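The values are calculated or read from the model by the stated rules, or taken from the named source; none is laboratory data. Model, not experiment: these values are computed from the prediction. Cβ atoms come from the backbone with ideal geometry, glycine included; neighbour counts cover every protein chain shown.
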Amino acid sequence: MATLVTCWALVRASVRGSMQYRANFIAEVLFGVIYNSLGFVFILLVLGQFTSIDGWTLGEITLLYGIRLCGHGLWALCFSSSMMLDYYVQEGEWDRFLVRPMPAFVLMMVSYFRVAVFGDVLAGVVVLAAGIHQAGIVWTPARVLFLGATILGSAGLDAAFAIGPGALGFRFLNTEGVRGTIDYLTSQFAAYPLTILGRPVRYLLTFVIPLAFVAWIPGAVLLGKEEALPVPAWLAWGSPLVGVGLFLAALWFFRRESRHYQSAGS
Amino acid sequence: MIALRPNPAWFGMARIAARSLTIYRFQHLWGFVSLGLQLFLMRAVWEAAYGGRDSIDGVAIRTQIVFLTIALLQGRLLNIQIAWSIQGQVESGKVAIDLIRPMGFLGQMTAREVGRTFRNLTYVLSLIPLALLLGSLRPPDPFTMLPYGASLLLAYVVGLLTWTLVGLMSFWLLQINAIRAMLQMLSTFLAGTLVPLWFMPDALRTVLTFLPFQAAGFLPAAIYSGQVHGLALVQPFAVQLAWIVILGLAVRVVWGRAQRKIVVQGG
């Protein structure tokens, strides 16, 4: 309990810290909105010319994009400071987390709050609402619950994609390239029906880097398009669990990698 | 005063900047993986969008892919960081030392940038075989290569001037991180290299034609992909040269004022 109180105080302090510069705060939120809408604008422009991609309409793709953005926003709200890990390791700042009476991972999480996150969340909610409005989902209680679980699962996957490769920073010091590629993959392609890719790559992005579970597979479930999926229906309905599972795996990996930390010595 | 008088120290600065990029080799190897992935996925998306048709609005799928590939590759060269360098020097107060040096501040910043670009050039050249191998890039023919090279060079100058102007804003605002990052992020889009201008809605295309970014991205890529040829080539070159004149004058004026605006932080 005391731990939670301390965490909350630390989060509040870092939020207050980033709110000090008003103009920059607004600009950063705007940045979040634009950054996350850009991929969507791309889809709007392309589908504006071509009406559908592989049998998916603009409304349906909007739904996929909304799911991915909301998941991403939720992730960013909780875990975005993991992006700072390279810096903490390079500068030896990780030392500071190690000497305090709380798990270092938790301390890292509350160390820094990126205000652009509010923009991420805002963009996510707007796009998801538009997608739900446009896609014409036949709502059942199961699907309502599934949508909630999907966003959690999607956030779990996004977190895993950031924390897992980010943990390599303990050894390699600079993981920007790897993280950049994965961010590019998820932000640009998680919202497409992966049937546009050839079979080997589709399987790669389903079972090796499970990008397919971020939005496409759960989206297909919501829209009743399960039959076109490369996975059985039970796995499609279980897709939120994939997110949770991978998130836990990433945490385990992070702990393991953190043993390779060598302080920077100054 | 714009100090572009040749100065031997420029070469030293350019060399240091170029070397600083080779520190993280893992990063560079990863660049190959990342490019391969980007090219592959980009092609998948556009082929799906074309949906089996060979050509849409007179643009063949092949041309579209070549355009996007060259745009992606040249984008790594035209990824100009001078605004960031200027801001860093101003924000930290290091600009004071730069100004004492016996060469102009903008000259120093430009030299660093050109150094980075040369390092990036070898990197981009090493990526070309991969792009050819994946079939995304057409082997260049000399009648396209020549105007393309010229246009790419002009695009670089347009980009350099545009971002210098953005960087100079830091003399007034000190903290331009958000503005710079936002523009940088939007620039691939504004440059018409993510979705080529020919597939943009009319209104948007008109707006983008009046911004400098397309002169620093879309125009050379359009030439390379063969969408502009013959006499029509005059137009992109005229647009690029016009931007260089306008932006050059703007940099001159703004830099003149910035020098009177310097706040050196700390002591």
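A few points about this structure:
- Note on segment B:114-201: enclosed helices (runs of 4 or more DSSP H) holding 2 or more residues that are among the aliphatic types (A, V, I, L, M) and in contact with a Pro (Cβ under 9 Å, 6 or more places away or on another chain) are B:142-168.
- Number of positions in segment B:20-58 that are part of a loop (DSSP other than H, G, I, E, B), at pLDDT below 75 and more than 7 Å from every other protein chain (Cβ to nearest Cβ): 3
- Among residues of segment A:14-32, those that are within 21 Å of the chain's Cα centre (by Cα) and within 11 Å of chain B (Cβ to nearest Cβ), counted: 5
- Checking the stated criteria, residue A:215 turns out to be surrounded by 22 or more Cβ atoms within 10 Å (Cβ to Cβ), more than 10 Å from chain B (Cβ to nearest Cβ) and under 24 Å from residue A:58 (Cβ atoms).
- Any hit, segment A:17-28, residues being modelled with pLDDT of 80 or more, surrounded by fewer than 17 Cβ atoms within 10 Å (Cβ to Cβ) and assigned to a helix (DSSP H, G or I): yes
- Residue under evaluation residue B:130, criteria (1) in contact with a Phe, Trp or Tyr (Cβ under 7 Å, 6 or more places away or on another chain); (2) within 14 Å of another protein chain (Cβ to nearest Cβ), criterion not met: (2)
- Test: residue A:220 is more than 18 Å from the chain's Cα centre (by Cα) and within 20 Å of residue A:47 (Cβ to Cβ): yes
- Residue, nearest to the chain's Cα centre (by Cα), within segment A:183-217, restricted to residues that are under 19 Å from residue A:235 (Cβ atoms) and assigned to a loop (DSSP other than H, G, I, E, B): A:214
- Of the residues B:90, B:59, B:33, the single one that is surrounded by fewer than 16 Cβ atoms within 10 Å (Cβ to Cβ), of a type in the set (Val, Ile, Thr) and more than 19 Å from the chain's Cα centre (by Cα) is B:33.
- Flag if residue A:46 is within 14 Å of another protein chain (Cβ to nearest Cβ), among the aliphatic types (A, V, I, L, M) and surrounded by 21 or more Cβ atoms within 10 Å (Cβ to Cβ): no
- Among the candidates A:248, A:205, residue that is farther than 20 Å from residue A:58 by Cα, surrounded by fewer than 16 Cβ atoms within 10 Å (Cβ to Cβ) and without any contact (Cβ under 8 Å) to a residue 60 or more places away in the chain: A:248
- Test: residue A:236 is free of Cβ contacts under 8 Å to residues at least 40 places away in the same chain, in a helix (DSSP H, G or I) and buried (at least 17 other Cβ atoms within 10 Å of the Cβ): yes
- Residue within segment B:80-99 that is more than 28 Å from residue B:238 (Cα to Cα) and in a loop (DSSP other than H, G, I, E, B) present: yes
- Single match in A:153, A:131, A:119, A:148 (criterion: away from chain B (no Cβ under 14 Å), within 16 Å of the chain's Cα centre (by Cα) and buried (at least 19 other Cβ atoms within 10 Å of the Cβ)): A:153
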